[in-house]
Ligand SMILES: [Zn+2]
């Protein structure tokens with residue numbers, strides 16, 4: 001049985017298949033509206049994340065399936081001290097597939113060892129969030145038409161930003177990709193990630209601490225939030241949070257066909273004035289999340305045909 | 001310095017000087033009732049200085065622990081005063097319940113009855129990472 005813990009659990013070929021499926025779902029959603037009838041998705045959210053949970057539930061409902069689950073540990077048996085392994089042991093007998101989010105790193109790996117159905121990691125602390133990365137990949141493919149030869153600027157919290165780490169891991173498998181790492185010194189990309197996915201693969205990269213410097217050279221600008229909870233003191237947070245704000249002025253220096261991505265929610269790192277710029281694709285990105293999750297749920301349930309195929 | 005030779009037991013030899021105590025701790029030798037000797041900084045022709053551990057009982061020891069602390073160590077098993085087995089050691093691919101993950105955000109910090117598992121992810125630099133959160137042991 002397959003689980004999805006880390007984006008690298010999927011081969012490049014499988015990612016292509018998922019993207020092709022998502023494209024087809026977007027082109028003719030009616031052909032997919034019943035394909036998972038009778039199947040149940042359990043969303044086990046040991047920490048709240050309304051956006052991700054709703055995206056999963058919407059995906060399953062759009063395939064004609066049903067959903068059940070809990071949205072925070074306080075309303076589940078976990079609040080009474082039940083372990084992840086026991087919870088999964090029990091819940092996997094009530095459903096056909098599980099999407100699980102947990103504040104502790106590695107929790108889904110524990111979960112899948114005790115589950116009788118496929119488990120999708122819907123985020124484990126600061127660690128992995130593969131469906132976010134799949135969403136990012138679908139966005140890149142739909143908005144730029146390719147993966148090869150892209151210059152990808154990653155801006156903000158590159159130290160703790162798990163979406164950035166996973167995106168680097170996933171994109172480092174394509175040809176001619178170049179990374180531009182834009183962050184304050186305090187929030188630089190961890191050296192082991194740089195080593196493993198960039199240096200060892202001979203990928204070109206540059207590092208800088210100013211967004212202005214590189215606006216004109218990137219094909220993709222991936223913005224991230226500088227999260228308050230990642231800082232030990234308020235002073236550091238306040239000093240850094242405004243350093244990497246994208247506004248309309250900076251956008252003037254960007255390529256005409258570049259795209260701005262953001263995993264959302266944003267705080268103030270992208271000024272709302274940028275929202276109306278056609279290059280801003282973060283809201284479309286959120287929409288793509290539902291379709292790639294539909295494709296993923298189908299794949300993991302072994303449903304490989306639309307209606308009439 | 002003299003330590004009595006043992007009749008039935010284990011001698012862990014050629015331990016890199018300075019690693020004997022760590023090996024003693026990780027093997028849990030403090031819990032044994034038999035005599036255990038750690039000899040530090042023994043002059044050695046091959047290694048200049050080495051540590052040796054002698055355990056005066058034929059107990060089961062975890063060879064993975066020795067391989068983790070120092071793959072260059074050798075293990076001599078002694079029975080009836082004779083050397084019956086000489087084992088060389090290598091760095092294990094996995095370490096189960098030897099180290100505890102120190103990352104407070106790791107699932108091992110709260111899940112009951114979970115095995116603490118570390119995997120050798122970089123052979124050249126002997127780096128082990130927690131299989132759950134990938135934090136490097138140190
Ligand atoms: Zn860990």
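The values are calculated or read from the model by the stated rules, or taken from the named source; none is laboratory data. Everything quoted here is computed from the prediction, not taken from an experiment. Counting neighbours? That spans all protein chains shown, and the Cβs are built from the backbone with ideal geometry, glycine included.
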### Message
Go through the range A:80-103 and report how many residues are assigned to a loop (DSSP other than H, G, I, E, B) and modelled with pLDDT under 95.
### Response
4
### Query
If a residue has to be in a helix (DSSP H, G or I) and either touching a helix residue (DSSP H, G or I) at 6+ places or on another chain (Cβ under 6 Å) or in the same structural domain as residue A:137 (by TED's automatic domain parsing) (or both) to count, how many in the range A:16-52 make the cut?
7
### Any hit, the range A:152-164, residues being within 14 Å of chain B (Cβ to nearest Cβ), in a helix (DSSP H, G or I) and surrounded by 22 or more Cβ atoms within 10 Å (Cβ to Cβ)
no
## Note on the structure
Matching residues in the range B:110-134 (under 18 Å from residue A:162 (Cβ atoms) and either more than 13 Å from the ligand (Cβ to nearest atom) or facing chain A (nearest Cβ under 8 Å) (or both)) number 5
### Message
Please determine whether any residue of the range B:93-103 is more than 14 Å from every other protein chain (Cβ to nearest Cβ), more than 16 Å from the ligand (Cβ to nearest atom) and either surrounded by 20 or more Cβ atoms within 10 Å (Cβ to Cβ) or over 30 Å from residue A:6 (Cβ atoms) (or both).
### Response
no
### Condition met for residue A:114 (closer than 24 Å to residue A:299 by Cβ and at pLDDT below 95)
no
### Query
When you go through (1) crowded, with 24+ Cβ neighbours inside 10 Å; (2) in the same structural domain as residue A:74 (by TED's automatic domain parsing); (3) closer than 23 Å to residue A:193 by Cβ; (4) touching a residue at least 24 places away in the same chain (Cβ under 8 Å) one by one for residue A:105, which number turns out not to apply?
(4)
### Message
Within the range A:111-141, take every residue that is crowded, with 24+ Cβ neighbours inside 10 Å and within 16 Å of the ligand (Cβ to nearest atom) and give me the one that is nearest to the other protein chains (Cβ to nearest Cβ).
### Response
A:127
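Within the group A:66, A:58, which residue is surrounded by fewer than 20 Cβ atoms within 10 Å (Cβ to Cβ) and in contact with a strand residue (DSSP E or B) (Cβ under 6 Å, 6 or more places away or on another chain)? So that I can check it myself, show each step before the final result.
On the way: A:58 fails: in contact with a strand residue (DSSP E or B) (Cβ under 6 Å, 6 or more places away or on another chain).
Just a single option satisfies the conditions, and that option is A:66.
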### Message
Give all pairs with beta carbons closer than 6 Å in which a residue from the range B:107-118 that is within 15 Å of residue A:73 (Cβ to Cβ) meets a residue that is near the ligand (Cβ under 8 Å from one of its atoms); count only pairs at least 6 apart in sequence or on separate chains.
### Response
B:107/A:106; B:107/B:132
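Hey, any hits in the range A:137-156 for a residue that's over 30 Å from residue A:257 (Cα atoms) and either in contact with a helix residue (DSSP H, G or I) (Cβ under 9 Å, 6 or more places away or on another chain) or outside the structural domain of residue A:46 (by TED's automatic domain parsing) (or both)?
No, the range A:137-156 contains no residue that is over 30 Å from residue A:257 (Cα atoms) and either in contact with a helix residue (DSSP H, G or I) (Cβ under 9 Å, 6 or more places away or on another chain) or outside the structural domain of residue A:46 (by TED's automatic domain parsing) (or both).
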### Query
Where in the range A:190-309 are there strands (runs of 3 or more DSSP E), lying fully within it, with 1 or more residues that are free of Cβ contacts under 8 Å to residues at least 60 places away in the same chain?
A:204-208, A:259-261
### Task
Tell me, please, whether a residue that is more than 14 Å from chain A (Cβ to nearest Cβ) and within 16 Å of the ligand (Cβ to nearest atom) can be found in the range B:48-56.
no
### Message
Residue under question is residue B:73, and the condition is that it be crowded, with 16+ Cβ neighbours inside 10 Å, more than 16 Å from the ligand (Cβ to nearest atom) and either within 14 Å of another protein chain (Cβ to nearest Cβ) or within 30 Å of residue B:5 (Cα to Cα) (or both); does it hold?
### Response
yes
### Query
If you go through the range B:118-135, how many residues are buried (at least 20 other Cβ atoms within 10 Å of the Cβ) and either in a strand (DSSP E or B) or out of contact with any strand residue (DSSP E or B) (no Cβ under 7 Å at 6 or more places or on another chain) (or both)?
3
